[in-house]
Amino acid sequence: MVLPEMADGGHAEVAFFRDDETGLECIVAIYDADRQPAVGGTRMYDYASEAEALEDALRLSKAMAYKTAAAGFDEGGGKGVILGDPVTDKDEALLRAYGRVVDGMRGAFHTGVDMNITTEDVSVMGTETSYVGGTEGGRLAERTARGVVAGMRACLREQYGTASFADVTVVVQGLGKVGAPLAEQLVDRGCEVAVADLDERRVDELTARHDVAVIDPDAVYDEPCDVFAPCATGAVVNDRTVPRLQCDIVAGSANNVLAEDRHAAALEERGILYAPDFVVNAGGLIAGLGGTLGLSDAEIDARIDDIETRLEEIFERRDREDVSTAVAANRYAEDRM
Ligand code: NAI
């Protein structure tokens, strides 16, 4: 049943689309009716079931609503998910059909890249609709990485009393559009970086250019490090992984890092500081929306770097209200909605 799930999550609109000619099956979820348009990327994933895809769309669009509010924008949250294998099912006809779906929403939903959807894919969608953005050569993902670095600074200061990156060890899970530039930015700052990706080509591309350690994707949770940076899928902090983590900080770009909100408290019980995902991964959003508002590159970078201060405020609120960082971040965003 979809409607109870929508009501539970507070969603305004969830639309399912199917196109027999191209095989497109997708879901677009819009969180809040009051804050328009809804903005959020589109991902493609070979979901085990339609229910799993729906859950992803609902969770991700809600996270986008919190992200736009926490970053100080008036826009609401939305998300598109395309059901299918990005390697075998993604082609021009399917992407154009999806572009027509977005166009049919007449501006209620503005979208761009997300997992397994590249800037080139968004350009193809853009032949059918003007309600897409972020096609400027991966710059948005680099800026998402910049925001994660800013968030890490606040976390390092909170845990170690200094925001210095020198000799800090970081494990980066996933070397996609965000994880790869994040690993590079961390190497440039003097971190010792270890990386893992299911796709060996991504690992080879990075190790050809940088001195990073490579670890098995299954071993990331057991690797001793200062910071674990999840930059692949969501729900990687869960009942199975919390006891295994050997880090002091979890801060990465992945959306919905926690399987459930209670896992933030579980991390904190183990002395691990959790940087709420929708706060630290807002760099691309700030760059995208900042661009449409006419902000200069320098102004956008300054707003992204403010993620550091925003996190510090959230840590203060956590202490004041005696809640987890996840709850403090939710309250911070809800105050601004
Ligand atoms: P991407 O699709 O470019 O890269 C994801 C990478 O993770 C791929 O290389 C994939 O092989 C790898 N991967 C998947 N499962 C893995 C596993 N279990 N272990 C190791 N590697 C694994 O995606 P992108 O754009 O880099 O996004 C990464 C995460 O950050 C996603 O959760 C996305 O929702 C989130 N995000 C991305 C933003 C952006 O600007 N692209 C903005 C905000 C959040």
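Coordinate-derived values only; no laboratory data. Not measured: the values here are computed from a predicted model. Heads up, the Cβs are rebuilt from the backbone with ideal geometry, glycines too, and the neighbour counts pull from every protein chain shown.
Using the count of nearby Cβ atoms within 10 Å as a rough guide to exposure, how do Phe16, Phe109, Phe315 rank from fewest to most? Intermediate values should be presented prior to the final figure.
Values: Phe16 15, Phe109 29, Phe315 18.
Lowest to highest Cβ neighbour count: Phe16, Phe315, Phe109.
Work out how much length Ala213 to Arg100 would gain on full extension: take 0.36 nm times their residue separation and subtract the Cα-Cα distance, in nm to one decimal.
36.3 nm
Using only the C-alpha atoms of segment 131-262, find the volume of their convex hull and express it per residue in Å³. Each step should come with its number before you reach the end.
Working: hull volume 15.8 nm³, N = 132.
Convex hull of Cα atoms, per residue: 120 Å³.
Could you line up Lys177, Lys67, Lys90 from fewest to most neighbouring Cβ atoms inside 10 Å?
Details: Lys177 24, Lys67 28, Lys90 19.
Lowest to highest Cβ neighbour count: Lys90, Lys177, Lys67.
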(Q) At a 10 Å Cβ-Cβ cut-off, how would you order Ile307, Ile215, fewest neighbours first? (A) Ile215, Ile307
Q.
Helix check for the chain. Which DSSP H runs span at least 27 Å along their own axis by Cα, with a mean Kyte-Doolittle hydropathy no less than -0.5?
A. 50-70, 139-160
Q | Signed unit charges on C-beta, dipole axis of the chain, positive-most listed residue Gly176, Thr325, Ile117 | A | Thr325
Q) Let a ≥ b ≥ c be the square roots of the eigenvalues of the Cα gyration tensor of segment 273-337; is it rounded (a/c under 1.5), or, if not, prolate (a/b larger than b/c) or oblate? A) prolate
